[in-house]
Amino acid sequence: MIEGGPGDAMTDPAPVEPAPSPEPRRKRQAGRNLPVAIGTGVLLGAALLGTLLTWRPAFVGFLLLIVVLALLELVAVLRARATRPAEPVVLAMAAVLVLGAYLEGPSALSFGLLLTILAAFAWYLVDRRRTEVTRSVAATILAVVYVPFMAAHLALVLRQADHYVGAIVGYAVLVVVYDTFAYASGVLAGRHPMAPSVSPHKSWEGAAGATVACLLAGVFLLTRWEPWTLASGLTLAAITCVVAPLGDLSESMLKRDLAVKDMGSLLPGHGGMLDRVDALLFMAPALYYVMAWFNLLHAP
């Protein structure tokens with residue numbers, strides 16, 4: 001105890017504030033069961049490769065099945081949020097676009113889009129529950145363009161490419177490489193979110209790691225099989241680095257807007273079918289147009 005004179009006040013030494021601890025690195029949590037997700041992805045890849053190697057129409061059937069499953073998920077989520085896309089129109093146009101692209105070529109895509117618009121308006125014209133027509137027609141067209149129109153470009157590649165197996169497998173490999181290394185790099189070094197309000201776990205560091213891996217795959221992996229050359233493989237890889245994350249983030253943005261975690265629960269470890277193929281859908285037209293640019297397609 002410190003003694004002082006009568007007018008002195010007893011004072012305690014001022015507390016020493018601890019130095020602020022350094023900000024911890026943002027840690028990304030695995031949002032899925034990784035072993036189950038890998039197993040599901042392997043099975044899908046095996047189905048894709050098996051149908052490609054077996055018979056062209058078998059791959060068209062496999063593609064149409066994926067499209068229909070993804071559409072059913074999307075329509076169900078939209079309906080749960082009080083939006084009524086015309087499900088019969090959506091499913092019918094899926095068949096028109098995918099089968100038409102394989103049987104008739106690129107002209108089937110423009111015809112399918114025209115038919116979608118006409119059928120959507122006709123559907124709600126005869127629907128007695130004619131409420132929020134603009135919103136419902138827009139949702140119908142969105143569903144058709146987002147899933148079957150994008151996917152139908154794979155049917156075009158199947159029809160017009162001599163080395164269609166290498167073309168489609170190469171496109172799928174690049175998307176898988178990008179997705180895998182974006183996840184791994186984000187877990188190991190992710191600090192700066194790309195779009196925190198849309199998908200907080202996706203980081204710029206993950207995108208950088210995925211970009212390097214994807215470009216290397218385009219140079220050293222795709223060039224090992226037909227029809228890819230160094231120029232065409234590197235071009236597709238560079239486009240993948242932009243379009244694949246755009247497809248992933250676009251679907252995440254839709255899920256945020258619709259207030260759902262996953263579009264479905266069909267695929268263990270992934271969620272729904274649309275959750276698995278979002279980047280592949282966006283990349284399908286890119287594959288077609290890169291091959292057309294490098295003259296890797298014959299006339300329709």
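Observations on the structure shown:
- Only one of the listed residues (V144, V175) is without any contact (Cβ under 8 Å) to a residue 60 or more places away in the chain, assigned to a helix (DSSP H, G or I), touching a helix residue (DSSP H, G or I) at 6+ places or on another chain (Cβ under 8 Å) and among the hydrophobic types (A, V, I, L, M, F, W, C). That residue is V144.
- A94 being assigned to a helix (DSSP H, G or I), more than 16 Å from V277 (Cβ to Cβ) and of a type in the set (A, V, I, L, M, F, W, C): no
- Among the residues here, T40 qualifies as in contact with a strand residue (DSSP E or B) (Cβ under 9 Å, 6 or more places away or on another chain) and within 20 Å of I168 (Cα to Cα).
- Close pairs (8 angstrom Cβ cut-off, 6 or more residues apart or separate chains): among the polar types (S, T, N, Q) in the stretch 111-132, in a loop (DSSP other than H, G, I, E, B) and open to solvent by 50 Å² or more (accessible area, probe 1.4 Å) anywhere: none
- Pairs where the first residue, in the stretch 42-58, is over 10 Å from V165 (Cα atoms) and the second is open to solvent by 50 Å² or more (accessible area, probe 1.4 Å) and of a type in the set (D, E, K, R), C-beta under 9 Å, 6+ apart: L44/R276
- Inspection of the stretch 271-281 finds a residue satisfying the criterion of being farther than 30 Å from P227 by Cα, out of contact with any helix residue (DSSP H, G or I) (no Cβ under 6 Å at 6 or more places or on another chain) and modelled with pLDDT under 95.
- Selection of the stretch 58-71 for residues being in contact with a helix residue (DSSP H, G or I) (Cβ under 8 Å, 6 or more places away or on another chain) and surrounded by fewer than 20 Cβ atoms within 10 Å (Cβ to Cβ) yields A58, G61, F62, V68, L69.
- Test result for T83, free of Cβ contacts under 8 Å to residues at least 60 places away in the same chain, open to solvent by less than 30 Å² (accessible area, probe 1.4 Å) and in a loop (DSSP other than H, G, I, E, B): yes
- Some residue of the stretch 193-212 being over 20 Å from the mean Cα position of the chain (by Cα) and of a type in the set (A, V, I, L, M, F, W, C): no
- Failed item in (1) free of Cβ contacts under 8 Å to residues at least 24 places away in the same chain; (2) farther than 21 Å from A279 by Cα, with F62 passing the rest: (2)
- Residue in the stretch 242-259 that is open to solvent by less than 10 Å² (accessible area, probe 1.4 Å) and touching a residue at least 60 places away in the same chain (Cβ under 8 Å) present: yes
- Of all residues in the stretch 220-239 being of a type in the set (G, A, S) and surrounded by fewer than 20 Cβ atoms within 10 Å (Cβ to Cβ), the one that is nearest to V173 (Cα to Cα): A238
- Any hit, the stretch 130-139, residues being under 22 Å from the mean Cα position of the chain (by Cα) and at negative phi: yes
- Which listed residue is under 21 Å from A152 (Cβ atoms) and of a type in the set (A, V, I, L, M), from A46, A119: A119
The values are calculated or read from the model by the stated rules, or taken from the named source; none is laboratory data. Note that the structure is predicted; figures quoted are calculated from it, not measured. When we count neighbours, we look across all protein chains shown, and the Cβ atoms used for this are built from the backbone with ideal geometry, even at glycine. Calculation scope for accessible area: heavy atoms of the full protein, side chains included, ligands and nucleic acids excluded. Shrake-Rupley method; radii C 1.70, N 1.55, O 1.52, S 1.80 Å.
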